[in-house]
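Reviewing the structure listed below.
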Amino acid sequence: MKLPGLLLFSAPLCIAGYGVIRLAGRADGHYGPGPDWQAAHLFGLLGMVLFIPVVLNLSRELPPSRWRDGTVGLTLIGLGATIVQFTADISFAALAENKADMSRLSNQFSDIPGVRPLFYTVLPQLFFLGLVVLTVLLARRKLLPWWSPPLLLAGILLSAFSLDFLPLTGAAILVALLPMAEPNVLGRVGLRADR
């Protein structure tokens, strides 16, 4: 079974879209709160939500095991934490009158004990770690090419270095997972899955 093409393309493209809108919004020096901030974060939120079925579909390609189930569980926890983060950021921007007000609301939330590691620094990283482990497991079973895990990891590390690289991160995730797409999708984009 191959991953539905719409999901496979939409989730990473939303991450790339978040990065592109963020860069455009920051170009004038007035990023957030405002339409550019909200649009970027809505793209990011949608991407995270769409990754839930992507992760579940990827896991179905693997035989049941503790590694698979543990990886999927941690990945979904990371996605959940990231979804809370995006939702909070969108809410604070909607309530704020200016950037200072938005920062104040955000700091009030993140200063609650446990909030920063739960939703900003530690748990969200489980999504990216879990996605890399899933691609390694799929590559070991020859369901993905050998280059998919390192490409995915490189893309993720770029965004960890700077959020300005988010468009490249989204593109790297898409290319790394593309061989899992339905064969007819690969034919339409001029590629084929060599398994």
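A few remarks follow.
- The set of residues in segment 95-153 that are in contact (Cβ under 8 Å) with a residue 40 or more places away in the chain, part of a helix (DSSP H, G or I) and crowded, with 20+ Cβ neighbours inside 10 Å comprises Met102, Leu126, Phe127, Phe128, Gly130, Leu131, Leu134, Thr135, Leu137, Leu138.
- One residue from Ala40, Ala11, Ala16 being in contact with a Lys or Arg (Cβ under 8 Å, 6 or more places away or on another chain), assigned to a helix (DSSP H, G or I) and among the small types (Gly, Ala, Ser): Ala40
- Taken as a whole, segment 79-89 holds at least one residue that is without any contact (Cβ under 8 Å) to a residue 60 or more places away in the chain, assigned to a helix (DSSP H, G or I) and of a type in the set (Asp, Glu).
- Condition check for Pro33: over 19 Å from Asp164 (Cβ atoms), touching a residue at least 12 places away in the same chain (Cβ under 8 Å) and not in a helix (DSSP H, G or I): yes
Here, each number is a calculation from the coordinates, and none is a lab measurement. Since we're looking at a predicted model, the values are computed, not measured. All Cβ positions, even for glycine, are placed from backbone atoms using ideal geometry, and neighbour counts span all protein chains on display.
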